[in-house]
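To start, the structure under review is shown below, and the notes come after it.
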Amino acid sequence: MRRFLSGILLVLCTGCAAPSHFGGGKSGEVTLYLEAPDARSVVFLSSRDNYRRHALGRDADGLWVKRGLADEEFRYFYLVDGTVHIPDCRYREADDFGQVNCIHLPGTDDHRRRATVVRNKE
């Protein structure tokens, strides 16, 4: 029983350091933020420009930021230190490569809520 409880605590604490994702912005514009304090690099990819890589920088609070996105429908995900990270977003879609992408829908507040990024542990 003791090993079982230790295992559960280890799994729960592993998620404690997971990056989290949220957004905001002016009317008609979306700004996405990713909390990943231990990350050395974060890249944003979206369907807006055929998934070109956009290296993100940190703001004064240490958050990784992608600014200036039009509030229109698009699919997206992040690469954190070269590993795919999919935020725990409300709207998702399977892609042709066996992965899942988040979907931003205009006029929704889904990007404004805080969400933990799903990590694929192998």
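Data table
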read-out	value
Failed item, numbered, when P106 is tested on (1) in a loop (DSSP other than H, G, I, E, B); (2) surrounded by 15 or more Cβ atoms within 10 Å (Cβ to Cβ)	(2)
Subset of segment 56-69 [surrounded by 12 or more Cβ atoms within 10 Å (Cβ to Cβ) and not β-branched (V, I, T)]	L56, R58, D59, L63, W64, K66, R67, L69
Residues of segment 48-90 satisfying the condition of being at pLDDT 90 or above, in a loop (DSSP other than H, G, I, E, B) and under 15 Å from the mean Cα position of the chain (by Cα)	Y51, R53, L56, L63, D81, G82
Flag for V117 being modelled with pLDDT under 85, under 14 Å from A36 (Cα atoms) and assigned to a strand (DSSP E or B)	yes
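The values are calculated or read from the model by the stated rules, or taken from the named source; none is laboratory data. Predicted model, so just to flag it, every value in this text is computed and none were measured. Note that we place each Cβ from the backbone using ideal geometry, even for glycine, and neighbour counts take in every protein chain shown.
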